[in-house]
Amino acid sequence: MSRHVAIVTDSTAYLPPRTMERHGITAVPLTVVLGDQALEEGTEISARSLAQALQKRRPVTTSRPSPEVFAAAYR
């Protein structure tokens with residue numbers, strides 16, 4: 001019987017891309033709400049842009065990835 005193992009985390013793990021590639025790790029993006037925009041961390045907003053928004057004291061909140069998004073990462 002063969003077993004398959006997957007390592008899935010959210011984007012707040014901030015693992016180096018090389019490490020993720022080497023170990024087959026998938027990161028599901030967190031949702032960052034900046035003003036009235038909901039953006040996926042790492043794809044629609046960079047860490048640098050997020051830091052700049054925080055420095056400017058813009059309202060920023062986060063939301064966990066949905067269970068459906070996590071489930072899709074395992075498929």
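None of the figures in this text is laboratory data; all of them are computed from the coordinates on show. No experiment lies behind these values; they were computed from the predicted model shown. Cβ atoms come from the backbone with ideal geometry, glycine included; neighbour counts cover every protein chain shown.
Taking other C-beta atoms within 10 angstrom as a stand-in for reagent exposure, H4, H23 fall in the order H4, H23, fewest first.
If I take R0 = 22 Å and measure r between the Cβ atoms of R3 and E40 in this structure, what FRET efficiency does the formula 1/(1 + (r/R0)^6) give, to the nearest 0.05? Numbers along the way, then the final one.
Details: r = 31 Å, r/R0 = 1.39.
Once the sixth-power term is evaluated, E becomes 0.10.
Taken one residue at a time, the phi angles of region 36-50 give Karplus couplings (6.51, -1.76, 1.60, θ = phi - 60°) of 9, 9, 9, 10, 7, 5, x, 10, 9, 8, 8, 4, 5, 5, 5 Hz. Gly and Pro are set to x. With each label modelled as a point 7 angstrom along the Cα→C-beta vector, the Q55-R75 pair spans 4.1 nm. Most simply put, the chain has about 60% antiparallel DSSP beta bridges, counting only bridges with both residues inside it.
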